[in-house]
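Novice: Dropping the structure in here first, questions after.
The values are calculated or read from the model by the stated rules, or taken from the named source; none is laboratory data. None of these values were measured; they are calculated from a predicted model. Positions of Cβ are backbone-derived with ideal geometry, glycine not excepted, and every protein chain shown enters the neighbour counts.
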Amino acid sequence: MSREGLGEQTGYLSTLPAGRSERRAALAFVLVSTAAFLMLAAIATRPMAPMPAFIPAYQTALILNDLITAAFLLNQFNALKTRGLLLLASGYLFTATLAVTHLLSFPGLLSANGLVSSGPQTTAWLYMFWHAGFPILVIVYALSGDRRIGEETSPGAAMVLAVALTLGAAAALTLLATIGAGALPAMMRGDHYLTSEPIVIAIVWLLSLLSLLALLLRRPRPHSVLDLWLMVVATAWLFDIALSGGLNAGRFDLGFYAGRIYGLMAASFVLLVLMTHHGVLYARLIVAHELERRLAAELRRISNTDALTGVANRRAFEQALDSEWRRTLRYKTPLSLLMIDVDYFKRYNDSCGHIAGDECLRQVAGVIVHNARRAGEVAARYGGEEFAILAPHIGAEEAKQLADRICEQVRKLNIPHAASAAADHVTVSIGVAGAAAAMRFEPDAGGGANDNRAPIAPPSPATLVASADKALYAAKTAGRNRVCMMSDSGELDTTAESAARSGVG
């Protein structure tokens with residue numbers, strides 16, 4: 001996979017190609033830093049007053065920056081498993097570790113000669129090791145490309161080994177600068193440099209220059225965001241080393257302070273970019289999560305809604321029925337079901353056409369929804385021209401009143417239906433059953449609405465449907481355009497009142 005493709009999928013700085021805005025920002029910083037460096041270089045030897053708090057404050061910030069950056073890079077290595085990221089993380093860990101020993105060895109801070117010191121050369125050599133080790137690891141990072149560790153190698157084991165080797169190397173160099181300081185060339189007399197110091201500092205400076213060149217020539221192209229800001233870091237290190245070790249005269253002059261400020265900025269660049277990028281990714285994640293939530297809600301709505309009428313579909317109805325039935329069984333609350341059928345709808349479709357049929361169903365659905373407005377009530381298209389209303393917390397008698405209102409309001413729609421044998425307009429038949437009746441209901445062995453049905457073992461939500469379905473069948477058998485209720489005793493109620501309300505008889 002190309003770096004562009006991988007970057008788009010992962011969003012990691014090591015794989016995300018640098019865009020025009022990043023390149024412009026990096027170039028702007030390099031130009032401003034170069035201008036500042038040129039101005040400072042001419043006055044780098046100007047003496048300044050010693051500030052004892054500067055070194056601990058500066059190096060503490062630097063150590064924290066490098067440790068956090070190393071943690072970020074190790075996290076990216078754990079995901080991408082590229083060797084370069086592990087080497088780069090080791091570089092930041094190396095600088096943080098040597099910055100600690102450099103701070104402990106600095107004369108006059110924690111003790112007259114430093115806590116970790118064997119003489120005036122220890123601090124200077126720790127600085128050189130610190131500023132030479134990081135560019136060497138950057139060069140190796142640049143040469144490693146995007147090669148990954150072997151499949152047989154665990155990322156965790158690789159990180160543990162890299163951390164151990166890095167700490168071991170830092171410890172060995174610390175020992176060399178302390179116990180073995182006598183074998184190293186002297187570079188300091190008091191706070192001033194000796195003639196051997198410029199040679200060592202030139203080697204260290206050239207290593208930083210080589211790391212910059214290695215990053216510029218790194219493949220594949222285009223450069224990633226991480227590579228781009230590492231170039232800025234390498235540039236800042238060049239200015240740091242030049243001001244604080246090459247162009248100045250010793251400790252506590254202008255170059256000493258200015259170079260270390262460059263060093264702190266260099267330590268901060270990649271961390272700031274990593275944190276900013278992670279912040280952007282987090283913001284995008286929140287937006288994506290909200291979009292996903294809305295899409296999921298919309299998908300749920302679509303999957304639970306009948307496309308033609310806009311009421312709940314059978315899937316949503318069955319889910320609601322199952323939930324309400326369990327609540328009824330547990331808390332002994334009333335539950336009623338209305339099964340509604342548009343009378344002679346096939347004849348209506350045949351005579352008026354399917355477009356008119358669809359409009360007829362929408363109008364009937366509108367009446368049903370208008371009447372099923374109490375909390376918890378679910379109006380659904382059960383199938384074809386059949387609708388259902390699930391009415392929790394009301395008994396069968398109150399549900400029958402609701403059914404009578406629906407019958408009346410459908411008649412008042414005055415939708416002409418010349419092919420109907422029940423009336424000259426569209427009408428509905430409704431079967432009503434409550435949970436109490438459903439508990440007593442036993443499906444017929446054969447005949448009627450229950451032909452070819454397997455026996456239902458109550459209590460189950462299917463029992464309530466079968467009970468209301470039997471009442472609907474009775475209403476249709478009695479002449480349609482009416483309400484029939486299954487009483488709590490399990491008997492069908494087809495009273496004259498119901499027929500009168502329906503305009504029949």
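Novice: Any residue in the stretch 46-61 that is crowded, with 21+ Cβ neighbours inside 10 Å and among the polar types (S, T, N, Q)?
Specialist: Taking every residue of the stretch 46-61 in turn, at least one turns out to be crowded, with 21+ Cβ neighbours inside 10 Å and among the polar types (S, T, N, Q).
Novice: Is at least one residue of the stretch 326-333 at pLDDT 95 or above, touching a Leu at 6+ places or on another chain (Cβ under 7 Å) and in a helix (DSSP H, G or I)?
Specialist: no
Novice: Exactly one condition in (1) out of contact with any Pro (no Cβ under 8 Å at 6 or more places or on another chain); (2) surrounded by 10 or more Cβ atoms within 10 Å (Cβ to Cβ) is not met by Asp322; state its number.
Specialist: Going through (1) out of contact with any Pro (no Cβ under 8 Å at 6 or more places or on another chain); (2) surrounded by 10 or more Cβ atoms within 10 Å (Cβ to Cβ) one by one, Asp322 breaks only (1).
Novice: What residue, among those in the stretch 468-489 that are outside any helix (DSSP H, G or I) and of a type in the set (D, E, K, R), is surrounded by the most Cβ atoms within 10 Å (Cβ to Cβ)?
Specialist: Result: Arg482.
Novice: When you go through Ala437, Ala433 one by one, which is the residue that is modelled with pLDDT of 90 or more, buried (at least 18 other Cβ atoms within 10 Å of the Cβ) and closer than 17 Å to Leu338 by Cα?
Specialist: That would be Ala433, the only listed residue that is modelled with pLDDT of 90 or more, buried (at least 18 other Cβ atoms within 10 Å of the Cβ) and closer than 17 Å to Leu338 by Cα.
Novice: With (1) outside the structural domain of Thr427 (by TED's automatic domain parsing); (2) surrounded by fewer than 17 Cβ atoms within 10 Å (Cβ to Cβ); (3) modelled with pLDDT of 95 or more as the list, and Asp358 as the residue in question, which single condition is left unmet?
Specialist: All conditions are met except number (1).
Novice: Kindly check whether there is at least one residue in the stretch 167-185 that is in contact with an Asp or Glu (Cβ under 7 Å, 6 or more places away or on another chain), closer than 30 Å to Ala44 by Cα, among the hydrophobic types (A, V, I, L, M, F, W, C) and modelled with pLDDT under 90.
Specialist: Among the residues of the stretch 167-185, not one is in contact with an Asp or Glu (Cβ under 7 Å, 6 or more places away or on another chain), closer than 30 Å to Ala44 by Cα, among the hydrophobic types (A, V, I, L, M, F, W, C) and modelled with pLDDT under 90, which makes the answer no.
Novice: Somewhere in the stretch 175-182, is a residue buried (at least 21 other Cβ atoms within 10 Å of the Cβ) and assigned by TED's automatic domain parsing to the domain that holds Ala53?
Specialist: Within the stretch 175-182, one or more residues are buried (at least 21 other Cβ atoms within 10 Å of the Cβ) and assigned by TED's automatic domain parsing to the domain that holds Ala53.
Novice: Moving to a separate point now. Taking the stretch 146-158 as the search range and keeping residues that are surrounded by 13 or more Cβ atoms within 10 Å (Cβ to Cβ) and closer than 24 Å to Ala214 by Cα, which one is modelled with the lowest pLDDT?
Specialist: Per the criteria, the residue is Asp146.
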